[in-house]
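To start, the structure under review is shown below, and the notes come after it.
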Amino acid sequence: MYKQDSTVDLTLKVRDLWFPNTQVWNAQKVFDTFTEEDALKILTIKPSPNRQDSDVWGFTKHGTYTTQSAYKMLSVLHETNSPDHRPLPPVEKQLWKSIWKLKTSPKIRYFLWRALSGALAVAERLQSRGLYGDATC
């Protein structure tokens, strides 16, 4: 993980953390860039001379970017940075997982998600937003 006070260089390659024209870690640069815990782990890795640098997405096990992994990462960041962040209780978390894993059409899963989230445009919800006059039907 990058240090909070370091500038994140999105073009950084492994070789940029070595002394020039060598495959020896520049420990100072590694510690300046990463947290102490990660820097210590990085410095234990023996550089491989025959491997090319490649882009790796750090939020999947296989290192390949997926829309799902980006959504999960952004959701976690949003939740963590939210002032009233409260993790879901295990029972509720399991309920949401169960809904998304139902073997039914995506329309049904989406409907269930909206219904349980209070996001259906029923008369009561519309009235609470000032969009509908009668909430009795």
(request) Please give, to one decimal in nm, the separation of the simple spin-label points placed at Arg114 and Gln4, each 7 Å out from Cα toward the Cβ. (result) 4.1 nm
(message) Once you place label points 7 Å from the Cα toward the Cβ at Leu12 and Tyr71, how far apart are they in nm?
(response) 3.0 nm
(request) Could you sort out which of Lys13/Lys97; Lys41/Lys101; Lys29/Lys72; Lys61/Lys103; Lys13/Lys61; Lys41/Lys97 sit more than 28 Å apart by Cα distance in this structure? (result) Lys13/Lys97; Lys41/Lys101; Lys29/Lys72; Lys41/Lys97
(request) Scan [x] 96; [y] 123; [z] 209 for the value of volume of the Cα convex hull per residue in Å³ calculated from this model and give just the label. (result) [z]
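No lab work stands behind these numbers, since they all come straight from the coordinates. Bear in mind that the values here come from a model prediction, so they are computed numbers and not experimental data. We place every Cβ from the backbone using ideal geometry, glycine too, and count neighbours over all the protein chains shown.
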